[in-house]
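This report concerns only the one structure given below.
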Amino acid sequence: MTDVTTVIGPVNATTAALRHLLDLLAADAPAEQLARPAAQARAAGADPHDQDVIDGATRTALDIHRTLAQRRRREAELAALFDTASDLAALRDPDAVLHAIVHRARTLLGTDIAYLTLNDPAAGDTFMRVTSGSVSATFQQLRLGMGEGLGGLVAQTARPYASPDYRTDRRFKHTGAIDEGVGEEGLRGILGVPLLVGRRVIGVLFAADRTPRDFAPEAIALLASLADHAAVAIDGARLLDETRSALVELNAANETARAHSDALHRAADAHDRLTDLVLRGGDVDDVTREIAALLDGGLAVHDADGTELARLETGPVVPPEQGIEASRRGGRAVPVDGNWVCAVLAGPELLGSLVLTGRADLTDADRRLFERAGTVTALLLLLRRSVAEAEDRVRGELLDDLLTVQQPGGHRSTGSLTLRARKLDIHLARPHAVLVLTCDPALRSRLLAETARRARALGGLAGTRNGRTVLLAPTSHPGALARELAHEFSRGLGAPVTVGAAGPVTGPEHLPDAYDEAHRCLLALETLGRSGGGAALTDLGFLGVLLSDRADIAGYVDRVIGPVLAYDAQRGTELARTLTAYYDNGASLARAKDVLHVHVNTVVQRLDRIAQLLGPDWNTPGRALEIQVALRLHRLARQGVPGHRSA
């Protein structure tokens with residue numbers, strides 16, 4: 001460049017220098033070029049006054065240049081912030097928003113790393129959420145307690161903090177975990193600003209270098225502005241995400257409500273159909289058929305005792321006691337071993353159970369439908385029980401009349417009793433037995449219910465008399481039936497049930513006496529300590545003969561020693577005479593052979609034959625006593641003692 005003093009002379013040197021400064025400013029020349037006119041004037045020996053003017057103009061030019069540079073930088077930052085706001089506003093995914101924030105922070109501030117933490121109100125700390133430029137796994141998993149480290153202090157105070165070299169900066173609360181993460185990442189200069197939504201801190205935005213750095217106020221302001229935009233974007237993304245979730249939940253709720261409504265309509269319709277079926281007189285089989293069709297599975301219905309009432313499309317099923325109890329406690333159907341079980345309840349009372357097979361998985365709607373089926377079944381069983389109770393009352397009244405002894409001067413029409421019995425499908429002309437049952441007083445109502453159920457199955461009558469349960473049943477073997485019922489009811493009630501029986505008799509006129517005999521038999525069983533057993537008087541040996549007012553001596557003798565008497569009659573032997581001699585002489589073989597005038601071996605051979613005929617226990621104390629009584633009764637009968645029929 002030609003020296004200005006050479007061209008225009010000393011008079012115009014100052015003016016030329018000032019014009020040159022203006023040209024450099026206009027050309028946006030670097031700051032070092034703006035100092036050249038003053039240097040050139042000084043080199044040309046400019047007047048001190050002129051040199052001062054040129055130096056002052058140079059300083060003004062540098063200030064203008066610096067101001068313009070700052071404004072351009074600010075414009076660039078504002079443009080970057082505007083672009084950042086636009087970019088963040090376009091993002092909808094919260095994770096994408098967070099990544100965009102830290103990436104833009106790192107770019108705008110030109111740092112080695114940028115990262116963002118979010119506050120955890122439940123834990124009371126702030127945790128690392130997103131990083132850009134990080135290489136340390138430990139650093140990426142940091143959690144900072146409120147007030148701990150630089151970030152914890154920013155999160156706690158909602159104010160920005162900067163550290164030229166965090167490692168040596170004692171203004172902050174250092175912890176082992178934070179220092180380990182920062183050291184592993186190699187960070188030195190750190191700047192953190194709060195992410196604010198209103199006055200609430202939701203996190204901290206950081207920019208950091210791996211060398212010491214003194215962050216200028218402009219850098220702090222820039223990161224704070226970015227944090228403001230970021231906080232709005234984060235909160236907006238959160239709200240949008242929550243709105244989406246709410247819409248999804250609302251749609252799901254609408255679908256659920258629609259499905260629930262459809263299920264309710266289906267269940268209500270099924271309930272109406274089943275209830276109408278019951279009220280029109282449908283039985284358990286009809287209801288079972290309807291339920292199995294509605295649920296597309298097999299169904300078994302049981303009463304409270306586990307007795308099967310109906311079954312369709314399934315094999316025999318044993319109702320699971322634990323499943324029934326679980327359903328009873330919860331009031332809902334429960335799955336058990338691939339089936340579904342529903343207790344049939346009337347309030348707290350268990351009436352029975354339903355077992356659904358072939359449907360391992362039930363939808364909520366089908367499960368509710370199954371439970372409604374249990375309610376309808378309860379209604380059916382209650383109706384059946386009401387009918388049965390009414391019928392039992394009629395049967396009980398008839399039984400009471402049948403067992404009542406005619407009073408002196410009274411009238412007992414056996415014909416009307418026979419007609420009343422026939423209306424209940426009971427034919428008194430057939431052999432019947434009377435059985436009297438007793439148990440613990442606390443279980444009497446259950447015993448009566450079980451006896452009534454058994455009476456209906458046998459085609460008989462059940463009721464109570466003098467505090468005892470009474471059963472009139474068609475049978476020719478009262479003792480066997482008594483033993484069967486004693487065993488069955490004792491097991492069912494879990495306590496001894498004693499049963500005394502009498503009969504068989506035909507016609508209503510003999511029933512009062514049969515009742516008295518059955519009652520005496522029951523008392524005899526209790527006296528003998530045979531509670532929980534069952535028998536007729538004829539099963540009690542000579543005690544039965546003594547207690548009976550219709551003593552069948554010939555029958556007793558025949559039951560006890562009949563095989564011996566028959567053997568003697570067929571072969572002309574003297575086994576009965578040998579038995580008599582044996583017992584009359586104190587079971588002595590020697591004395592018995594003298595009375596019989598035979599050899600002792602003959603006595604032994606006859607007793608062996610008797611053992612074959614009467615059984616190996618013939619000489620036990622109990623059997624021996626009965627045999628001796630039978631022998632004496634047989635001898636009395638042969639002698640024609642009055643009151644005894646001949647054997």
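The values are calculated or read from the model by the stated rules, or taken from the named source; none is laboratory data. None of the values given here were measured: they were computed from a predicted structure. Because the Cβ atoms are built from the backbone with ideal geometry, glycine has one as well, and the counts that use them run over all protein chains shown.
Taking region 300-321 as the search range and keeping residues that are touching an Asp or Glu at 6+ places or on another chain (Cβ under 7 Å) and hydrophobic (A, V, I, L, M, F, W, C), which one is surrounded by the most Cβ atoms within 10 Å (Cβ to Cβ)? The selected residue is 300.
Conditions tested, residue by residue: (1) of a type in the set (D, E, K, R); (2) in contact (Cβ under 8 Å) with a residue 40 or more places away in the chain; (3) part of a helix (DSSP H, G or I).
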{"residue": "103", "(1), (2), (3)": "no, no, yes"}
{"residue": "106", "(1), (2), (3)": "yes, yes, yes"}
{"residue": "116", "(1), (2), (3)": "no, yes, no"}
{"residue": "122", "(1), (2), (3)": "no, no, no"}
{"residue": "126", "(1), (2), (3)": "no, yes, no"}
{"residue": "138", "(1), (2), (3)": "no, yes, yes"}
{"residue": "147", "(1), (2), (3)": "no, no, no"}
{"residue": "152", "(1), (2), (3)": "no, no, yes"}
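If I filter region 178-186 for residues that are closer than 23 Å to residue 135 by Cα, touching a Pro at 6+ places or on another chain (Cβ under 6 Å), modelled with pLDDT of 90 or more and surrounded by fewer than 21 Cβ atoms within 10 Å (Cβ to Cβ), do I get at least one hit? No; the residues of region 178-186 include none that is closer than 23 Å to residue 135 by Cα, touching a Pro at 6+ places or on another chain (Cβ under 6 Å), modelled with pLDDT of 90 or more and surrounded by fewer than 21 Cβ atoms within 10 Å (Cβ to Cβ).
Okay, residues lined up against (1) on the phi > 0 side of the Ramachandran plot; (2) among the β-branched types (Val, Ile, Thr); (3) in contact with a helix residue (DSSP H, G or I) (Cβ under 9 Å, 6 or more places away or on another chain):
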| residue | (1), (2), (3) |
| --- | --- |
| 422 | no, no, no |
| 425 | yes, no, no |
| 428 | no, no, yes |
| 436 | no, yes, yes |
| 439 | no, no, yes |
| 455 | no, no, yes |
| 485 | no, no, yes |
| 503 | yes, no, yes |
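Contact map, region 155-167: residues that are assigned by TED's automatic domain parsing to the domain that holds residue 227 and closer than 17 Å to residue 178 by Cβ paired with residues that are basic (Lys, Arg) and surrounded by 16 or more Cβ atoms within 10 Å (Cβ to Cβ), Cβ distance under 9 Å, separation 6+ or inter-chain. Pairs shown: 162/213; 163/188; 165/188; 165/213; 166/188; 167/188. Return the residues of region 430-468 that are among the basic types (Lys, Arg) and touching a Cys at 6+ places or on another chain (Cβ under 9 Å); say none if nothing qualifies. 446 - this is the single residue of region 430-468 that is among the basic types (Lys, Arg) and touching a Cys at 6+ places or on another chain (Cβ under 9 Å).
Only residues that are of a type in the set (A, V, I, L, M, F, W, C) and either modelled with pLDDT under 85 or over 22 Å from residue 566 (Cα atoms) (or both): list them for region 599-613, please. Please lay out each step first, then the result.
First, pick out the residues of region 599-613 that are of a type in the set (A, V, I, L, M, F, W, C): 600, 603-604, 607, 610-611, 613.
Within region 599-613, 600 is the sole residue that qualifies.
Of all residues in region 339-357, those that are at pLDDT 90 or above and out of contact with any helix residue (DSSP H, G or I) (no Cβ under 7 Å at 6 or more places or on another chain) total 3.
Counting only helices (runs of 4 or more DSSP H) that sit wholly inside region 400-511, those with at least 1 residues that are among the aliphatic types (A, V, I, L, M) and closer than 18 Å to residue 305 by Cβ are 444-458, 478-493.
Checked against the criterion of being under 23 Å from residue 527 (Cα atoms), of a type outside the set (Val, Ile, Thr) and surrounded by fewer than 19 Cβ atoms within 10 Å (Cβ to Cβ), the candidates 442, 449, 429 yield just one match: 442.
Is it fair to say residue 534 is modelled with pLDDT under 90, small (Gly, Ala, Ser) and either more than 21 Å from residue 419 (Cα to Cα) or surrounded by fewer than 22 Cβ atoms within 10 Å (Cβ to Cβ) (or both)? Reasoning before the result, please.
Numbers: modelled with pLDDT under 90: no; small (Gly, Ala, Ser): yes; either more than 21 Å from residue 419 (Cα to Cα) or surrounded by fewer than 22 Cβ atoms within 10 Å (Cβ to Cβ) (or both): yes.
It is false that residue 534 is modelled with pLDDT under 90, small (Gly, Ala, Ser) and either more than 21 Å from residue 419 (Cα to Cα) or surrounded by fewer than 22 Cβ atoms within 10 Å (Cβ to Cβ) (or both).
Residues being among the hydrophobic types (A, V, I, L, M, F, W, C) and modelled with pLDDT of 85 or more: count how many of those fall in region 614-647.
Within region 614-647, the subset among the hydrophobic types (A, V, I, L, M, F, W, C) is 614, 618, 624-625, 627, 629-631, 633, 636-637, 641, 647.
After this cut, where a residue has to be modelled with pLDDT of 85 or more as well, the list is 614, 618.
Total satisfying the criteria: 2.
Quick check on region 156-173. Is at least one of its residues in a helix (DSSP H, G or I), under 23 Å from residue 231 (Cα atoms) and of a type outside the set (Ser, Thr, Tyr)?
Let us first name the residues in region 156-173 that are in a helix (DSSP H, G or I), namely 156-157, 166-168.
Narrowing the set further to residues that are under 23 Å from residue 231 (Cα atoms) leaves 156-157.
Cutting the leftovers down to of a type outside the set (Ser, Thr, Tyr) gives us 156.
Scanning region 156-173, I find at least one residue that is in a helix (DSSP H, G or I), under 23 Å from residue 231 (Cα atoms) and of a type outside the set (Ser, Thr, Tyr), so the answer is yes.
Among the numbered conditions (1) in a strand (DSSP E or B); (2) touching an Asp or Glu at 6+ places or on another chain (Cβ under 8 Å), the only one that residue 354 does not meet is (2). For region 254-299, which positions are within 26 Å of the chain's Cα centre (by Cα), at pLDDT 80 or above and crowded, with 16+ Cβ neighbours inside 10 Å? Matches in region 254-299: 288, 291, 292, 294, 295, 297, 298, 299.
Would you say residue 45 is modelled with pLDDT under 80 and either surrounded by fewer than 12 Cβ atoms within 10 Å (Cβ to Cβ) or not acidic (Asp, Glu) (or both)?
On the way: modelled with pLDDT under 80: yes; either surrounded by fewer than 12 Cβ atoms within 10 Å (Cβ to Cβ) or not acidic (Asp, Glu) (or both): yes.
Answer is yes for this residue.
The residue of region 96-140 that is surrounded by the fewest Cβ atoms within 10 Å (Cβ to Cβ), among those that are farther than 21 Å from residue 184 by Cβ and of a type in the set (Val, Ile, Thr), is 107.
The number of residues in region 558-613 that are of a type in the set (S, T, N, Q), part of a helix (DSSP H, G or I) and closer than 17 Å to residue 632 by Cβ comes to 2.
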